[in-house]
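The values are calculated or read from the model by the stated rules, or taken from the named source; none is laboratory data. Note that the structure is a prediction, hence the values are computed from the model and not measured. Neighbour counts run over all protein chains shown; Cβ positions are idealised from the backbone, glycine included. SASA here: full protein model, heavy atoms, side chains in, ligands and nucleic acids out. Shrake-Rupley method; radii C 1.70, N 1.55, O 1.52, S 1.80 Å.
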Amino acid sequence: MKLTIFAATGGIGRQILEQAIDAGHDVTAVVRNPQKLPAALSRQVRVVTADLAAANPATLRSAVEGADAVLSGLGPRSNSEAGVATRGTRAIAAAMKATGARRIIVVSAAPIGTVPSPARPNPPKHDPGDGFIMQHLLSPLTKAALRKHYADLAQMEDILRDSNLDWTAVRPPRLTDKPLTGTYRLAHGQNLRHGIFISRADVAHYMFRAIKQPETIKQTIGIAS
Ligand SMILES: NC(=O)c1ccc[n+]([C@@H]2O[C@H](COP(=O)([O-])OP(=O)(O)OC[C@H]3O[C@@H](n4cnc5c(N)ncnc54)[C@H](OP(=O)(O)O)[C@@H]3O)[C@@H](O)[C@H]2O)c1
């Protein structure tokens, strides 16, 4: 497939990139700092440089033109960068609409189903997949600590819902750097009971599978080991 990978220097992004190269796909990697890509990887892909906080629309259009799918691991590296998932995804969606690319899979986060956003000001109080401890202890704690980050991801999902693209937002819980297993649990539109961890490698693995799953279009997908 012809794939465009955004944030290919991030934890999940790098996993997407490596798995895409291993599978022999035709890859465009969009990064803000190409020096973070090892030469052995950048030699095998087309590299496009773009800061997604203020991206040039023409650069993004050229990056997504003709893509069978766009995979994004974009997210704020710190609270001060919160907003980049919204701004960047809005710019990516505009480039896709302009060029006719349709399929996009992004990384969101497990608590986002219960985070208010401009388009969903009154989301459910609890995710139906969360158990007692997640609902009453872990989720409130992480939502307090990562308030701005989660508000950014919730608004990113709003943009996708409003986009008319064939989008899927994958909502992982805590990410780890454990190796790829290819074995994980999935749930449409909700989190997974006792779903506390998932490796970045497995999230990337699932994002490839989702490309070919029409039932995940316009859906959020819970994933956990
Ligand atoms: N950490 C967790 O446990 C957890 C749990 C659930 C969901 N999530 C979500 O999953 C996302 C991906 O996780 P991760 O571990 O792969 O994150 P990460 O390693 O922090 O990667 C974030 C990526 O976004 C890129 N980025 C940030 N601002 C950018 C900008 N202005 N222009 C272009 N690229 C930009 C970064 O580029 P650089 O490499 O240049 O910095 C990096 O490639 C997180 O951002 C978060 O929203 C995280």
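A few notes on this one:
- Screening segment 178-202 for residues that are among the hydrophobic types (A, V, I, L, M, F, W, C), within 11 Å of the ligand (Cβ to nearest atom) and surrounded by fewer than 22 Cβ atoms within 10 Å (Cβ to Cβ) and picking the one that is nearest to ILE105 (Cα to Cα) gives PHE197.
- Candidate set: segment 137-172, residues that are assigned to a strand (DSSP E or B) and within 11 Å of the ligand (Cβ to nearest atom); chosen: the one surrounded by the fewest Cβ atoms within 10 Å (Cβ to Cβ): ALA169
- Filter result (within 9 Å of the ligand (Cβ to nearest atom) and not in a helix (DSSP H, G or I)) within segment 60-98: SER72, GLY73, LEU74, GLY75, PRO76, ARG77, SER78
- Count of residues meeting criterion [within 23 Å of SER80 (Cα to Cα), in contact (Cβ under 8 Å) with a residue 24 or more places away in the chain and of a type in the set (D, E, K, R)] in segment 33-65: 1
- Failed item in (1) open to solvent by 50 Å² or more (accessible area, probe 1.4 Å); (2) among the β-branched types (Val, Ile, Thr); (3) within 11 Å of the ligand (Cβ to nearest atom), with VAL47 passing the rest: (3)
- Yes/no for LEU52 being outside any loop (DSSP other than H, G, I, E, B) and either within 14 Å of the ligand (Cβ to nearest atom) or closer than 23 Å to ALA201 by Cβ (or both): no
- Enumeration of residues in segment 29-43 that are away from the ligand (no atom under 14 Å from the Cβ) and either over 23 Å from ASP177 (Cβ atoms) or surrounded by 17 or more Cβ atoms within 10 Å (Cβ to Cβ) (or both): ARG43
- Residues of segment 1-27 satisfying the condition of being away from the ligand (no atom under 14 Å from the Cβ) and assigned to a strand (DSSP E or B): LYS2, LEU3, ASP26, VAL27
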